[in-house]
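Enquirer: This structure is in structure tokens; I'll ask about it shortly.
The values are calculated or read from the model by the stated rules, or taken from the named source; none is laboratory data. Here the structure is a predicted model, which means the values were calculated and not measured. A quick note on method: Cβ atoms are made from the backbone with ideal geometry, for glycine too, and the neighbour counts reach across all protein chains shown.
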Amino acid sequence: MMMWMFFWIIGKIPATFWLIMAVAGVAFFFAAGILGRLPPFKAYAMFIKPLSVIIAVLGIYMYGGASINDHYQKLIKEYEQKIAIAEEKSAAVNTVIEERVKYQTQVIEDNRIVYQDRIIEVAKEVDGQCKLDPRVAEILNGASIYPITLVDPTKNKQETK
């Protein structure tokens, strides 16, 4: 549990902090080199130099990691925006498709009712010898044609306006 909290805290530190830490490590290294020539600071320079190298290396390493993390966060935001735009377009296209399916279903249902009515009318005229009226074949052939290809929904919308 503590590990994720540690990485969460490290992730919240801005990249500039790590850059400042790396620059400070390098500055302390050179300062320790200069101050190490003075007798009172010679003993401290022995400890400051390795510590400043560790600080500089850690700062450079973490700055690189933070920069990569920032880069990926920007990419994530860009892709989230693209996904949001795609979802909006998808919703619009889905609405158009749903309207088209409703329209096609209505056309098919209307044609079914019309052809059933025609068949009922012609069935009344069938004589007792069970001879079919020639119009029955025409009606059945007309009913077998796919009605959507015969009707253009854009023309109907323009005619109704």
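Enquirer: Based on this model, can you work out whether Ser52 counts as among the polar types (S, T, N, Q), touching a Phe, Trp or Tyr at 6+ places or on another chain (Cβ under 7 Å) and either in contact (Cβ under 8 Å) with a residue 12 or more places away in the chain or at negative phi (or both)?
Expert: Values: among the polar types (S, T, N, Q): yes; touching a Phe, Trp or Tyr at 6+ places or on another chain (Cβ under 7 Å): yes; either in contact (Cβ under 8 Å) with a residue 12 or more places away in the chain or at negative phi (or both): yes.
Judged against the criteria, Ser52 is a match.
Enquirer: Any residue that is within 20 Å of Trp8 (Cα to Cα), touching a helix residue (DSSP H, G or I) at 6+ places or on another chain (Cβ under 6 Å) and surrounded by 15 or more Cβ atoms within 10 Å (Cβ to Cβ) - is there at least one of those in segment 66-73?
Expert: yes
Enquirer: Same structure again: Picking from Lys102, Lys12, which residue would you name as being closer than 30 Å to Ser144 by Cα and surrounded by fewer than 12 Cβ atoms within 10 Å (Cβ to Cβ)?
Expert: Numbers: Lys12 fails: closer than 30 Å to Ser144 by Cα.
Testing whether each residue is closer than 30 Å to Ser144 by Cα and surrounded by fewer than 12 Cβ atoms within 10 Å (Cβ to Cβ) leaves just Lys102.
Enquirer: How do the pairs read when you match residues in segment 1-23 that are at negative phi with residues anywhere that are at pLDDT 85 or above and acidic (Asp, Glu), using Cβ under 8 Å and keeping only pairs 6 or more apart or on different chains?
Expert: Going by the 8 Å Cβ cut-off, the qualifying pairs are Ala15/Asp70.
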